[in-house]
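The values are calculated or read from the model by the stated rules, or taken from the named source; none is laboratory data. Keep in mind that this is a model prediction, so the values were computed, not measured. Methodologically, a virtual Cβ is constructed for each residue, glycine included, from the backbone with ideal geometry; neighbour enumeration extends over all protein chains shown. Just the protein is used for accessible areas: all its heavy atoms, side chains included, with ligands, DNA and RNA removed. Shrake-Rupley method; radii C 1.70, N 1.55, O 1.52, S 1.80 Å.
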Amino acid sequence: MSDQRQNSPETNSAIPGKPGRLKFATLNKVLWLLVPLLLALIFMVDMWTPIGVALPICYLAGLALVVALPEKREKIAAAATCTLLLIVHFAMAPTTPGLISWDVLNHSLATLIIWTVTVLGVRHRHVQSVMRENERVANERLAHLNTIYASAPVGLCFVDRDLRYVSINNALAEMNGKSPDYYIGKTVREALPELADRIEAHYRRVIETGRPVIDEEVQAIHPARRTERGYRLCSYYPVHNENGELLGVNVAVRDVTRRKQAEADTLFLLDLGEGIRFAADADELLWAVAVALGEHLKASRCGFVEVDVENDRLTVQRDYHPHMPSLVGSYTLNDFGSGVIDAAKTGQIVAIAELAIDQRTARGFKFFEKLGIRGMVLSPLLRDGKLVSALVVATGDAREWSERENTLVNIVAERTWLAVEKLRLDATLRESDAALRDADRRKDEFLATLAHELRNPLSLIRNVSALQNTPGSPDADPRWGRDIIERQVNYLTRLTDDLFDVSRITREKLDLQKESVNLAEVIRAAVESSRPLIDQRQHELTIAMSPQSILVDADRVRLTQVFTNLLNNAAKYTPNMGHIWLNVEPAGDTVVVRIKDTGIGVAAENLPHLFELFYQVDRAFTRAEGGLGLGLTLVHRLVEMHGGRVEVRSDGVNRGSEFIVHLPVLSVQWMEDRYEPIHHDGDLANRPCRRILVADDFPQSAEILARLLRQDGNVVQIAQNGVEAVDAAAEFHPDVAVLDIAMPKLNGYDCARIIRQQPWGKHMFLIALSGWGQQVDRERTKEAGFDAHLTKPAKYETLVEVLNHLPSNNQIEIGRHREL
């Protein structure tokens, strides 16, 4: 198989030089066949011609043979053969007398000429071979140089003295967006008119001085991206011939655009780091970064957007938009294309060169077209795997985004957002610290105010008691002392109730007992409660109400408390003989209650804080007027619990204030469907006589309550701890037991449980009397078996109301629990 392959025409034709060698080999065989023919011809001629023409013929034939043969060995062999033939001829040819010397000379001369031609031929052949080899090497080197010149990464060209391009390589031609053939034969100004004014000066300087010009920077518009500039370092070298004459200028051009861009990006990131370092406001930082990045990338728009995936919203707070309308506003996520958002949710950078043809944005291109956007890159920001924001850079023209630009946008987005989160966290911490400091300050002020508010009534009660117990003191009007003590106790009770209410509302433990309520009745009750203070201050109260019934779904007691607090507040902070207006106005599905006064007013800077807990505007004035700063907080929270809102207005200090309460109303039909008249339990004068056990570890409190109950015709027994209470109940078998919770030996909870376990205690009505009145405390008393819960200091009328609702046959209904 291998032999056949080597001898096949296809194989022979594939070997370089093979056809030529075959041709010369055939010619050599022909020439060597001529040698015996020539010898025979010489002898024949020599015999037929006596003058001896064989020698010239042999000479000519030998010369022809030597010259025709191509190889050195063949030439020498031919010359040797001719010499041998001459010798044979000389020896065998007949001699002519007198011509022997001529024959010798003639044969010798023929031999000399043959060998001279042979030597010259061999030498000529050697010279030709050397020349051909040198030419081959030169051609190879020239081809190698042309390849290097054409494919060199550095731009190269040669320009003659007339500034006409003689040669140019691919790199330089591509830098300018043309082919090499475009430049050949053209002048610099014809080929590069936009750069001619800058680079012709360098060419002429080299031509005039004969010295090179090294590393001159030239800026040019990028051929593919017209908005981007390219940077090149050009070196110009003179080219001379061997006589020193200037032939032209050789130019080497290096594209340093990437290096310049990298340097610019590095400086930009350094400036960004400095800006982040000294930033104090998160929103201002976002704006500053958007402006800086937009200018750096020559973008039409740039900005951070906040993303709310759950609500399908994308919000632009501020954006960089030179010479274009702003995009500030809220958009749906679908406006930006579901493909874009889906990619952003995975954390991928979205770079789109042409929004109109990209499949992710082609459908919604009209939206982008209205915004003047055709190219866009979006760097998403994820926190805990959730898309929360993104940095968007957009252009008004189609643009191929480079890897450098995408990386820069991503770095800027990450660094900036980390800084923004830190700034926002710092701001939150500062606000929290300020809030804690303010709360601590207000706590101290509250405690001081509370001490002041407690000392005044307690001091007054002590003085009245001391005055009545002083020997020889006048007893003309004993009710005077009792009235003072009752007013102060009522004040302390309201103070304590407010504290408990605020605590319950703050912890969302306050339950409203809502029902359909006529707002006019609530307003009248509030006015009656505030009337004493209003009359004391000699204020004029003007009430304007709608004649039609306005029904609200509300807790009657709590809503009355709201308007009582507002009226008391207006009366308290209005100088004597002021004016208070109370207007009730229906407003569609709501009712608006306005309480306006001519009082001290509120400064504009205090209005946002007026409903905060323990907040008081003027410490000196409020301390003189009394109060803990709880009233407005209760108003605000209670109104919100009723589904309404409250606002305050004031034109400034000493210009009065106005509180406006908005409440939802009920329709008349709803009232007719739900309203049930209240039936009273008969004449309170016909109170039945009951057996009542009072257990309290404070003897005076238990004794006073027992006296009051005995005055109403009840049989009362007293116990001073839990153990005594259980023993007394077992012996006394009372109808009602009023038990203090915090008793020694056995607390009220355990006492109630023990009583409930006894046969005689299953139908006993148990009332908890405790200083703890929060919802959790009421739930605990209910679980222990109590039927009602009274919070100290409880009014005796409240206890009487509970007793009056009991059946007269003493068959107590177990399972209900009253909270009072």
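Summary of values
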| quantity | calculated |
| --- | --- |
| Where a residue in the stretch 563-588 is touching a residue at least 60 places away in the same chain (Cβ under 8 Å) and its partner, wherever it lies, is surrounded by fewer than 14 Cβ atoms within 10 Å (Cβ to Cβ) and charged (D, E, K, R), with Cβ under 6 Å and at least six apart | none |
| Meets criteria (open to solvent by 90 Å² or more (accessible area, probe 1.4 Å), assigned to a loop (DSSP other than H, G, I, E, B), out of contact with any His (no Cβ under 8 Å at 6 or more places or on another chain) and modelled with pLDDT of 70 or more) for N654 | yes |
| Looking only at the stretch 313-340, and only at residues there that are outside any loop (DSSP other than H, G, I, E, B) and of a type in the set (A, V, I, L, M), the one that is surrounded by the most Cβ atoms within 10 Å (Cβ to Cβ) | V340 |
| Options A343, A413; residue that is part of a helix (DSSP H, G or I) and under 25 Å from A280 (Cβ atoms) | A413 |
| Unmet criterion (only one of (1) surrounded by fewer than 22 Cβ atoms within 10 Å (Cβ to Cβ); (2) at pLDDT 85 or above; (3) part of a loop (DSSP other than H, G, I, E, B)) for A351 | (3) |
| Long-range neighbours under 6 Å by Cβ, at least six apart or interchain, first residue free of Cβ contacts under 8 Å to residues at least 60 places away in the same chain within the stretch 540-557, second open to solvent by 30 Å² or more (accessible area, probe 1.4 Å) and part of a strand (DSSP E or B) | E540/H579; T542/W581; A544/N583; S546/P586 |
| Yes/no for Y165 being open to solvent by less than 50 Å² (accessible area, probe 1.4 Å), part of a helix (DSSP H, G or I), of a type in the set (F, W, Y) and farther than 30 Å from T395 by Cα | no |
| Scan of the stretch 283-307 for residues that are part of a helix (DSSP H, G or I) and buried (at least 19 other Cβ atoms within 10 Å of the Cβ), ordered by number | L285, L286, V289, A290, L293, G294, H296 |
| Test result for T257, in contact with a Phe, Trp or Tyr (Cβ under 8 Å, 6 or more places away or on another chain) and closer than 30 Å to T416 by Cα | yes |
| Some residue of the stretch 319-329 being of a type outside the set (D, E), under 24 Å from W401 (Cα atoms) and in contact with a Cys (Cβ under 9 Å, 6 or more places away or on another chain) | yes |
| Residue tally, condition surrounded by 18 or more Cβ atoms within 10 Å (Cβ to Cβ) and under 23 Å from E431 (Cα atoms), over the stretch 249-282 | 3 |
| E310 being outside any loop (DSSP other than H, G, I, E, B) and either in contact (Cβ under 8 Å) with a residue 12 or more places away in the chain or surrounded by fewer than 18 Cβ atoms within 10 Å (Cβ to Cβ) (or both) | no |
| Flag for R430 being farther than 24 Å from T633 by Cα, open to solvent by 100 Å² or more (accessible area, probe 1.4 Å) and either in contact with a Leu (Cβ under 8 Å, 6 or more places away or on another chain) or at pLDDT below 70 (or both) | no |
| First in the stretch 208-232 and loosely packed, with under 14 Cβ neighbours inside 10 Å, second anywhere and modelled with pLDDT of 90 or more and of a type in the set (G, A, S), Cβ under 9 Å, 6 or more apart | I214/S235; D215/S235 |
| Options R399, R383, R374: the member that is over 28 Å from L267 (Cβ atoms), buried (at least 18 other Cβ atoms within 10 Å of the Cβ) and either touching a helix residue (DSSP H, G or I) at 6+ places or on another chain (Cβ under 9 Å) or not small (G, A, S) (or both) | R374 |
| Residue count, the stretch 402-412 (criterion: open to solvent by less than 10 Å² (accessible area, probe 1.4 Å) and under 17 Å from A343 (Cα atoms)) | 1 |
| Only listed residue being surrounded by fewer than 21 Cβ atoms within 10 Å (Cβ to Cβ) and either out of contact with any strand residue (DSSP E or B) (no Cβ under 6 Å at 6 or more places or on another chain) or of a type in the set (G, A, S) (or both), chosen from L541, L567, L533 | L533 |
| Test: V239 is modelled with pLDDT of 85 or more, open to solvent by 40 Å² or more (accessible area, probe 1.4 Å), outside any helix (DSSP H, G or I) and among the hydrophobic types (A, V, I, L, M, F, W, C) | yes |
| Residue that is without any contact (Cβ under 8 Å) to a residue 40 or more places away in the chain, farther than 25 Å from I411 by Cβ, in contact with a strand residue (DSSP E or B) (Cβ under 9 Å, 6 or more places away or on another chain) and open to solvent by less than 40 Å² (accessible area, probe 1.4 Å), where the choices are L246, L195 | L195 |
| Selected residue [part of a helix (DSSP H, G or I), within 30 Å of I87 (Cβ to Cβ) and open to solvent by less than 100 Å² (accessible area, probe 1.4 Å)] from T147, T116 | T116 |
| Condition check for R259: out of contact with any His (no Cβ under 7 Å at 6 or more places or on another chain), assigned to a helix (DSSP H, G or I) and closer than 30 Å to E295 by Cα | yes |
| Cβ-Cβ under 8 Å pairs, at least 6 apart or on other chains, the stretch 418-446 side under 30 Å from E306 (Cα atoms), far side surrounded by 11 or more Cβ atoms within 10 Å (Cβ to Cβ) and among the acidic types (D, E) | L423/D281 |
